[in-house]
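Working notes, structure below.
The values are calculated or read from the model by the stated rules, or taken from the named source; none is laboratory data. For clarity, every value in this text was computed on a predicted model and none was experimentally measured. A quick note on method: Cβ atoms are made from the backbone with ideal geometry, for glycine too, and the neighbour counts reach across all protein chains shown.
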């Protein structure tokens, strides 16, 4: 930069016509060695910043997943209390894309008549009996995990949304906004009209642990737990490096 300024100040003393002729000969140009050096430095910087950039992008996608999932649970609880009905946040594992990548689909649905009188697998397929409360939330390259636990607080004995002992029926159904594919919903958190959260109709839960991890090559990178209080329905987020 200093060299350029020096050339400019010297050239400014030359007559205008002469300055124009000299400009084409005196302009600085990169040599092949200089260009190779610049290219080498660029590749080194890309190699150093690439992993950090991928980590940042991955972290942002997990932050968005935490926000979308927890806000869906909060919305479901609020709707159940405001409308004196039952709301179920149901979850399904699905695949997409040419390579069969895994994604977690979360769909909040509610009882149209405000009761649990019609909640068989067939009933749950019927959008007139259990309408969708909103569009499905889709977490690409993520899935539920029953093996992830937190230490403080200890979540090992928390209820699970996919508990096989639950009396809430599994069902297959299309999700709004995801085309005609029918998805297997086999995990559920139910919000009572009182705001209480359960994974079973007849058995109260102290806490419910919804653990989410990356799928495939992303497993174990940025897992998180949404811990739902059974009594109040409130949601706490547990992340790696904090309580986990």
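Tabulated data
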{"item": "Residue count, segment 103-149 (criterion: more than 16 Å from residue 174 (Cα to Cα), modelled with pLDDT under 95 and in a loop (DSSP other than H, G, I, E, B))", "result": "6"}
{"item": "Complete set of residues in segment 174-186 that are part of a strand (DSSP E or B), touching a residue at least 60 places away in the same chain (Cβ under 8 Å) and touching a strand residue (DSSP E or B) at 6+ places or on another chain (Cβ under 6 Å)", "result": "183, 184, 185"}
{"item": "Test for residue 224: is it buried (at least 22 other Cβ atoms within 10 Å of the Cβ) and within 22 Å of the chain's Cα centre (by Cα)", "result": "yes"}
{"item": "Any hit, segment 65-88, residues being in a strand (DSSP E or B), surrounded by 19 or more Cβ atoms within 10 Å (Cβ to Cβ) and at pLDDT 95 or above", "result": "yes"}
{"item": "Pick from segment 163-213, criterion surrounded by 16 or more Cβ atoms within 10 Å (Cβ to Cβ) and modelled with pLDDT under 90, ranking: nearest to residue 69 (Cα to Cα)", "result": "178"}
{"item": "Output for segment 136-162, where each listed residue is exposed (fewer than 13 other Cβ atoms within 10 Å of the Cβ) and either touching a strand residue (DSSP E or B) at 6+ places or on another chain (Cβ under 6 Å) or farther than 26 Å from residue 239 by Cα (or both)", "result": "none"}
{"item": "Selection count where residues are farther than 27 Å from residue 213 by Cα and surrounded by 17 or more Cβ atoms within 10 Å (Cβ to Cβ), scope segment 125-135", "result": "2"}
